[in-house]
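To start, the structure under review is shown below, and the notes come after it.
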Amino acid sequence: MGWIAFVALQFFFVVRGYRHARSAKQWSWSLFFFAIAFAGVEVVILTLPIIYLSNSHYFGVTYAAAWVIAALNFIWFIMVCRRWRLPDGRTNLEAAREETAQQSNRPALPELDRK
């Protein structure tokens, strides 16, 4: 029964994140589909050991390794998302800096020429 609350909570956060990204002009369908595919990969990484090795004496070690791989994959995902290009050409990191500067009424950090 707890999984219903978990799914409802996930739905709430997805809708909230979508609205925030739309209002900040940081929405990208390609990033959305990349995030959905990433979530699917994480689910597969964590459920395959349960399905195939639940009765094995290697289950604990294998499941711990799956969690380490999933955590490293998550760190990689965050790094990729921060460099993701939005439709207007900015990266998510640049857009977040500009949004923070606007909220605090400070000028945004000047961008370095990258040639």
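Does residue 35 satisfy being at pLDDT below 85, among the hydrophobic types (A, V, I, L, M, F, W, C) and within 23 Å of residue 73 (Cα to Cα)?
Numbers: at pLDDT below 85: yes; among the hydrophobic types (A, V, I, L, M, F, W, C): yes; within 23 Å of residue 73 (Cα to Cα): yes.
The answer is yes for residue 35.
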Reported set for the stretch 3-38 where residues are among the polar types (S, T, N, Q) and closer than 18 Å to residue 88 by Cα is 23, 26, 28, 30
* To do: Determine if the stretch 97-111 includes at least one residue that is at pLDDT 75 or above, in contact with a helix residue (DSSP H, G or I) (Cβ under 6 Å, 6 or more places away or on another chain) and surrounded by 14 or more Cβ atoms within 10 Å (Cβ to Cβ).
  => no
Restricted to the stretch 12-49 and to residues being of a type outside the set (Phe, Trp, Tyr), touching a residue at least 12 places away in the same chain (Cβ under 8 Å) and over 27 Å from residue 103 (Cβ atoms), the residue surrounded by the most Cβ atoms within 10 Å (Cβ to Cβ) is 49
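The values are calculated or read from the model by the stated rules, or taken from the named source; none is laboratory data. Here the structure is a predicted model, which means the values were calculated and not measured. Note that each Cβ is placed from the backbone with ideal geometry, even for glycine, and that neighbours are counted across all protein chains shown.
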